[in-house]
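To start, the structure itself, in structure tokens.
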Amino acid sequence: SKPIDSDNFLQLARENLSIEGLELCFANNIFSDDFLPFFASTKDFMLSDLEDAISSDEYEIIWAARGGYGSANLAVKLIDAKPVANKTLIGFSDITALHSLFNNIYKLPTIHADVVSNFIRKKLEFSKYLKPILEGANLDYNLSSLNKLDYDIKAESITGGNLTVLCSLIGTKLSPELKDKILFIEDVNEPGYKIHRNLMHLKNAGILDQAKAIIFGDFTESDNFKDIAINDFVNNEINIPCYSLDGAGHGQENKPIIFGSNSKIENSILKIQNPFKYKI
């Protein structure tokens, strides 16, 4: 989405991942000058490169280089694109719009996890962070209940992503679809009143009417009103189970979450069935 301020990013990324046996191929025009400084490339280049990644049989996994702003502008133009085979999307934050495209339109599972730039910056190990998931490991995460509605839940899947981006999709063809699903949300650099406003927007738009539960990830770099805002919403505005999951979002730790696959909550443990069977 946004450019990366590093001349050697591409080289570092390729070298770091090749050590672990992963071949990283970048789109031809991934960083091309644009008159809008918050885009990594021109909108036409980004659209054609992403469409090629989706429709080509040369690539199995699409991993976002970074978030920021821009993926929603691409996603709405790719609703009629047809993946030639199962494609696995990896990313988070602004990439939320592409998760919606893959989960709701293409009916493909995705992985909500760090983008490539974060992977390099945090010095993560692919073999520990993503490889087990791509090879089929199921996910179990301990949750903390935020309201009194703590009971076991079976859901079609878990979906969601960045709260601000999700709200921006309401009214479009990529509007969140939460029937029989668990909603996961996180955000960064948003004060408490904006978090509350966005949560109320989801409620008032009817998005939460058929959701099974909500899991709140990290809301990093917020203010002293963050917890008050969330607690008011989960206890006074809705009537479904709400939980928190620490270490999922924009912090140093960002637990990977599989979207679009069978999920359940048992004894305050989120259990996600893994649909992936890559041999890496």
Cβ pairs under 9 Å, 6+ apart or interchain, first in the stretch 230-241 and free of Cβ contacts under 8 Å to residues at least 40 places away in the same chain and at positive phi, second of a type outside the set (Asp, Glu) and open to solvent by less than 30 Å² (accessible area, probe 1.4 Å), ordered by first then second residue, are none
Leu146 meets each of (1) of a type in the set (A, V, I, L, M, F, W, C); (2) farther than 12 Å from Thr96 by Cα; (3) free of Cβ contacts under 8 Å to residues at least 40 places away in the same chain with one exception, condition (3)
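Report whether or not Asn118 is more than 20 Å from Leu202 (Cβ to Cβ) and surrounded by fewer than 17 Cβ atoms within 10 Å (Cβ to Cβ). Quick ask: steps written out before the conclusion?
Values: more than 20 Å from Leu202 (Cβ to Cβ): yes; surrounded by fewer than 17 Cβ atoms within 10 Å (Cβ to Cβ): no.
When the stated conditions are applied, Asn118 does not pass them.
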Reported set for the stretch 154-183 where residues are touching a helix residue (DSSP H, G or I) at 6+ places or on another chain (Cβ under 9 Å) and of a type in the set (Gly, Ala, Ser) is Ser157, Gly160, Gly161, Ser168, Ser175
For the stretch 4-15 the number of residues that are open to solvent by 40 Å² or more (accessible area, probe 1.4 Å) and either in contact with an Asp or Glu (Cβ under 9 Å, 6 or more places away or on another chain) or part of a loop (DSSP other than H, G, I, E, B) (or both) is 5
Within the stretch 257-275, residues being assigned to a loop (DSSP other than H, G, I, E, B) and crowded, with 19+ Cβ neighbours inside 10 Å number 2
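What are the residues in the stretch 121-135 that are over 23 Å from Asp94 (Cβ atoms) and surrounded by 15 or more Cβ atoms within 10 Å (Cβ to Cβ), if any?
Let us first name the residues in the stretch 121-135 that are over 23 Å from Asp94 (Cβ atoms), namely 125, 127-128, 131-132, 135.
Within the stretch 121-135, Lys131, Pro132 qualify.
Here are Phe102, Phe39: which of them is in a helix (DSSP H, G or I), crowded, with 18+ Cβ neighbours inside 10 Å and in contact with a Phe, Trp or Tyr (Cβ under 9 Å, 6 or more places away or on another chain)? First the steps, then the outcome.
Details: Phe39 fails: in a helix (DSSP H, G or I).
Checking each option against the conditions leaves just Phe102.
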Considering only helices (runs of 4 or more DSSP H) wholly within the stretch 136-250, the ones with at least 3 residues that are modelled with pLDDT of 95 or more and open to solvent by 50 Å² or more (accessible area, probe 1.4 Å) are 192-204, 226-236
Within the stretch 56-75, the residues that are open to solvent by 50 Å² or more (accessible area, probe 1.4 Å) and in a helix (DSSP H, G or I) are Asn73
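Do we have Leu22 as outside any loop (DSSP other than H, G, I, E, B) and either open to solvent by less than 40 Å² (accessible area, probe 1.4 Å) or among the aromatic types (Phe, Trp, Tyr) (or both) here?
Values: outside any loop (DSSP other than H, G, I, E, B): no; either open to solvent by less than 40 Å² (accessible area, probe 1.4 Å) or among the aromatic types (Phe, Trp, Tyr) (or both): yes.
Considered against the rule, which asks whether it is outside any loop (DSSP other than H, G, I, E, B) and either open to solvent by less than 40 Å² (accessible area, probe 1.4 Å) or among the aromatic types (Phe, Trp, Tyr) (or both), Leu22 comes out as no.
The values are calculated or read from the model by the stated rules, or taken from the named source; none is laboratory data. Nothing here was measured: the structure is a model prediction, and the numbers come from that model. Glycine gets a Cβ as well: all are built from the backbone with ideal geometry, and neighbour counts include every protein chain shown. SASA here: full protein model, heavy atoms, side chains in, ligands and nucleic acids out. Shrake-Rupley method; radii C 1.70, N 1.55, O 1.52, S 1.80 Å.
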